[in-house]
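Inspection log for the structure reproduced underneath, given as structure tokens.
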Amino acid sequence: MAKRKGTPKQKHIPLRTCIACRETKPKRELTRVVLVPEQGLVIDATGKVNGRGAYVCSRRVCWDQAIKRGALARALRARLAQEDIAMLEAYANSIEEYEVEAELGSSTKASDEQSTT
């Protein structure tokens, strides 16, 4: 059997759906929240923790919808304890701060580039 030459094979990129906004994105762009029987609710940075998982975008609006509308509890098929909700809200607040810093950094870089040209 002859091998194909010239066209490199594209690597498969796994897609997942955000439980809040229902947008399909590459798995690496979403944050996975896992319900582990022994540990409870865990935010999985590696994507390899065993347990029932759900994916959420890195936008604050999606985290609010997932927590307050019950989409996260529905996706995990469990009731969330108050301490789990508090942990998720703290994580969502840290994402918002990071995004604001990133936006400010990129806007100052763009203005610096425009002023030098």
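Every read-out reported here was derived from the displayed coordinates using simple, explicitly stated rules and does not represent laboratory data. All values reported here derive from a predicted model rather than from experimental measurement. No Cβ is skipped: glycine too gets one built from the backbone with ideal geometry, and neighbour counts run over all protein chains shown.
Looking only at strands (runs of 3 or more DSSP E) that fall completely inside the range 8-79, which ones have 1 or more residues that are hydroxyl-bearing (Ser, Thr, Tyr) and loosely packed, with under 13 Cβ neighbours inside 10 Å?
24-26
Which one of these is charged (D, E, K, R) and farther than 16 Å from Tyr91 by Cβ: Lys27, Lys68? Can you show your working first?
Values: Lys68 fails: farther than 16 Å from Tyr91 by Cβ.
The match here is Lys27.
Write out, first by first residue and then by second, each pair whose Cβ atoms fall under 8 Å of each other, whose residues are 6+ apart or on separate chains, and whose first residue, in the range 30-41, is over 23 Å from Cys57 (Cβ atoms) while the second is small (Gly, Ala, Ser).
Pro37/Gly51
Within the range 14-40, track down each residue that is among the polar types (S, T, N, Q) and closer than 23 Å to Arg79 by Cβ.
At the first step, the residues of the range 14-40 found to be among the polar types (S, T, N, Q) are 17, 24, 31, 39.
Within the range 14-40, Thr17, Thr31, Gln39 meet the criteria.
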